[in-house]
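The values are calculated or read from the model by the stated rules, or taken from the named source; none is laboratory data. Note that the structure is a prediction, hence the values are computed from the model and not measured. Virtual Cβ from ideal backbone geometry, glycine too; neighbours counted across all protein chains shown. These accessible areas exclude ligands, DNA and RNA; they are computed on the full protein's heavy atoms, side chains included. Shrake-Rupley method; radii C 1.70, N 1.55, O 1.52, S 1.80 Å.
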Amino acid sequence: MAILGTALNAVGLLFLTHAVYSTHEHTATFAHTPLPLDITIELLTSILILSAGIVITSPELRPIKWAQWAGKMQRQGRKGEGKWTREGEEILSEGDSFAFLGLDSGIGGGGEGRRGFWDVRAKRKEYAEWVKAGGK
Amino acid sequence: MVAANLLSPPPQISPQTALQLSQKAPLILSQSPTPSLPWPLSLLFSRETPETWTIHENLLLSALRTGDDTSARQILDRMTSRFGASNERIIALRGIYEEALAKDDKELTRVLDGYGKVLEVDPTNTLVRKRGIAVQKSLGRTQDAITSLKVLLENSPTDVEAWAELSDMYAANGAWGQAIYCLEEVLLVMPNAWTAHAQVATLHYLSAPSSLHSLSMALRHFARSVELNESYLRGYYGLKLVAQKLIPLLSESTAVAKKNAEEDDIPPPKLQSVKKLEELATGKLAEIVRQYGSGKKGWAAFDEAEVIATKELLDRDGRVER
């Protein structure tokens with residue numbers, strides 16, 4: 001789909017440029033005659049092709065309804081969109097925007113929410129015990 | 001699903017993931033994001049992006065978690081030279097580093113005193129205030145932590161993170177009323193947070209698992225949470241559990257319920273609608289279990305333990321649809 005969209009965009013741009021150039025040349029040469037029909041047709045066709053290409057290459061639409069948007073996120077989780085930072089970390093799609101409240105891991109749970117209150121000693125201890133137990 | 005991502009770490013980090021995360025330290029430390037050129041040129045040839053420092057911060061935390069203190073020190077030095085030693089965030093991160101290296105409670109108390117001194121100079125430094133509360137909690141001084149949190153919340157009553165933390169502390173001590181109140185404050189600021197609704201419902205359910213009033217409050221909040229998120233496993237699980245408990249209560253005590261309705265400001269739900277909600281939850285839970293079990297790609301993000309627990313709940317009910 002992406003290749004088709006890019007091809008349509010390229011062709012459309014080419015025709016558009018050509019139509020505009022032809023118009024310029026025509027008006028420069030015959031200042032007082034109307035524009036020939038083929039230039040008009042080329043211009044309109046190029047705009048149609050370009051519009052189709054832009055629509056096809058646009059990213060996937062997100063659900064408008066809150067519940068559907070949240071549900072989709074819950075089902076699919078976060079996934080990469082094919083972009084990486086300079087450090088080699090993949091940029092993921094958006095996730096649960098309320099995860100920072102840390103309310104999904106139970107009372108006194110060990111989630112990563114509420115970063116301001118991150119208990120570094122408990123996490124260190126948990127890790128050290130995991131290593132002691134064989135690291136599996 | 002991408003497990004070890006430093007830019008957006010998962011909501012639950014197992015020791016294994018923490019190890020994977022902190023093993024990225026040499027790679028990231030080998031390339032410097034800040035240029036060594038003098039000022040006007042450094043603006044042109046800067047290699048840093050908005051994500052750079054998020055990654056550094058997450059790397060610092062995972063390095064501290066796995067005991068890689070030398071890398072942590074290097075990252076911290078790099079961030080300090082970039083943002084300055086008096087930056088609020090840097091002060092807090094340095095505090096975390098000192099906390100991690102503290103060998104016993106005595107040294108940790110010294111870190112806590114250091115936070116006190118920082119707060120004397122700048123009482124508005126919320127990040128350091130939160131660190132102090134975290135240390136108090138880590139030292140087992142829960143009452144002190146609660147008092148400090150109350151001071152913090154008196155000064156910034158829209159800090160939802162702090163309200164959630166206070167609610168968690170109260171709940172851990174069994175003070176259900178206060179815990180529910182705190183989470184209702186969270187809901188005032190973020191009425192769309194489905195996790196907060198589910199947590200309020202859970203607290204209502206835990207506070208009095210057999211009283212009609214708290215069960216119907218739990219039902220209401222669970223229903224709201226699934227209204228906000230159509231695939232919220234925890235919401236549907238709670239909805240089914242609460243509805244199962246409510247149905248016998250409602251059917252045997254119709255007369256009592258009417259009397260209670262005058263005392264409570266909200267009347268209990270109708271038996272019929274509770275039954276309908278239970279059916280809805282059962283259907284949705286069965287769908288989630290089925291789709292997750294068949295390994296469909298768009299349904300892979302559920303927690304496996306949660307799905308197993310759901311399966312057990314459905315099996316207990318004896319109405320599992322396969």
ask   = Do the conditions hold for A:E81, that is, is it within 26 Å of A:A7 (Cβ to Cβ), within 35 Å of the chain's Cα centre (by Cα) and not in a helix (DSSP H, G or I)?
value = yes
message = Looking only at the stretch B:10-47, filter to residues that are at pLDDT below 80 and facing chain A (nearest Cβ under 10 Å); which one of those is nearest to B:D69 (Cα to Cα)?
response = B:P33
message = Testing A:W84 on (1) more than 7 Å from chain B (Cβ to nearest Cβ); (2) exposed (fewer than 14 other Cβ atoms within 10 Å of the Cβ); (3) out of contact with any Asp or Glu (no Cβ under 6 Å at 6 or more places or on another chain), one condition comes back false. Which one is that?
response = (3)
message = Test of understanding: among B:L64, B:L7, which residue is facing chain A (nearest Cβ under 7 Å), within 29 Å of A:L101 (Cα to Cα), part of a loop (DSSP other than H, G, I, E, B) and not polar (S, T, N, Q)?
response = B:L7
query = Tell me, which residue of the stretch A:93-110 that is in contact (Cβ under 8 Å) with a residue 12 or more places away in the chain and not polar (S, T, N, Q) is farthest from the other protein chains (Cβ to nearest Cβ)?
reply = A:E94
task = Please verify whether the stretch B:28-35 includes one or more residues that are closer than 28 Å to B:N125 by Cα, assigned to a loop (DSSP other than H, G, I, E, B) and open to solvent by 40 Å² or more (accessible area, probe 1.4 Å).
result = yes
Residue count for the stretch B:180-196, restricted to those that are more than 9 Å from chain A (Cβ to nearest Cβ) and either of a type in the set (A, V, I, L, M, F, W, C) or in a helix (DSSP H, G or I) (or both) = 8
query = So, in the stretch A:121-136, of the ones that are small (G, A, S) and not in a helix (DSSP H, G or I), which residue ends up farthest from the other protein chains (Cβ to nearest Cβ)?
reply = A:G134
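In contact with a Ser or Thr (Cβ under 9 Å, 6 or more places away or on another chain) and farther than 20 Å from A:R115 by Cα: which single residue out of B:R94, B:R82 fits that description?
Exactly one residue qualifies, and that residue is B:R82.
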query = Which members of the stretch B:260-305 meet the condition of being in a helix (DSSP H, G or I), modelled with pLDDT under 90, surrounded by 14 or more Cβ atoms within 10 Å (Cβ to Cβ) and within 14 Å of chain A (Cβ to nearest Cβ)?
reply = B:W299
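Report yes if some residue within the stretch A:55-62 is over 30 Å from B:N192 (Cβ atoms) and in contact with a helix residue (DSSP H, G or I) (Cβ under 7 Å, 6 or more places away or on another chain); otherwise report no.
So far as the stretch A:55-62 goes, yes, one or more of its residues are over 30 Å from B:N192 (Cβ atoms) and in contact with a helix residue (DSSP H, G or I) (Cβ under 7 Å, 6 or more places away or on another chain).
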note = Reported set for the stretch A:48-68 where residues are open to solvent by less than 80 Å² (accessible area, probe 1.4 Å) and over 19 Å from the mean Cα position of the chain (by Cα) is A:I49, A:L50, A:A67
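Which members of the stretch B:41-61 meet the condition of being open to solvent by 80 Å² or more (accessible area, probe 1.4 Å) and either under 30 Å from A:E129 (Cα atoms) or assigned to a helix (DSSP H, G or I) (or both)?
Within the stretch B:41-61, B:L43, B:L44, B:P50 meet the criteria.
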query = Quick check: is even one residue across the stretch B:98-109 charged (D, E, K, R), without any contact (Cβ under 8 Å) to a residue 60 or more places away in the chain, more than 14 Å from chain A (Cβ to nearest Cβ) and open to solvent by 10 Å² or more (accessible area, probe 1.4 Å)?
reply = no
remark   = Within the stretch A:102-120, residues open to solvent by 20 Å² or more (accessible area, probe 1.4 Å) and either assigned to a helix (DSSP H, G or I) or touching a strand residue (DSSP E or B) at 6+ places or on another chain (Cβ under 8 Å) (or both) come out as A:R115
inquiry  = Looking at A:E42 and the list (1) of a type in the set (D, E); (2) within 30 Å of A:S97 (Cα to Cα); (3) open to solvent by less than 70 Å² (accessible area, probe 1.4 Å), which single condition is not satisfied?
reply    = (2)
key: In the stretch B:78-97, the residues that are more than 26 Å from the chain's Cα centre (by Cα) and open to solvent by 70 Å² or more (accessible area, probe 1.4 Å)   = B:S81, B:R82, B:F83, B:S86
key: Residue, nearest to the other protein chains (Cβ to nearest Cβ), within the stretch B:147-159, restricted to residues that are among the hydrophobic types (A, V, I, L, M, F, W, C) and surrounded by fewer than 23 Cβ atoms within 10 Å (Cβ to Cβ)   = B:L152
message = Cβ-Cβ under 6 Å, sequence separation 6+ or interchain: first residue in the stretch A:113-136 and in the same structural domain as A:G102 (by TED's automatic domain parsing) and without any contact (Cβ under 8 Å) to a residue 40 or more places away in the chain, partner part of a loop (DSSP other than H, G, I, E, B) and surrounded by 19 or more Cβ atoms within 10 Å (Cβ to Cβ). Which pairs?
response = A:G113/A:G102; A:R114/A:G102; A:Y127/B:T66
query = Can you name the number of the only condition in (1) part of a helix (DSSP H, G or I); (2) at pLDDT below 95 that A:E87 fails?
reply = (1)
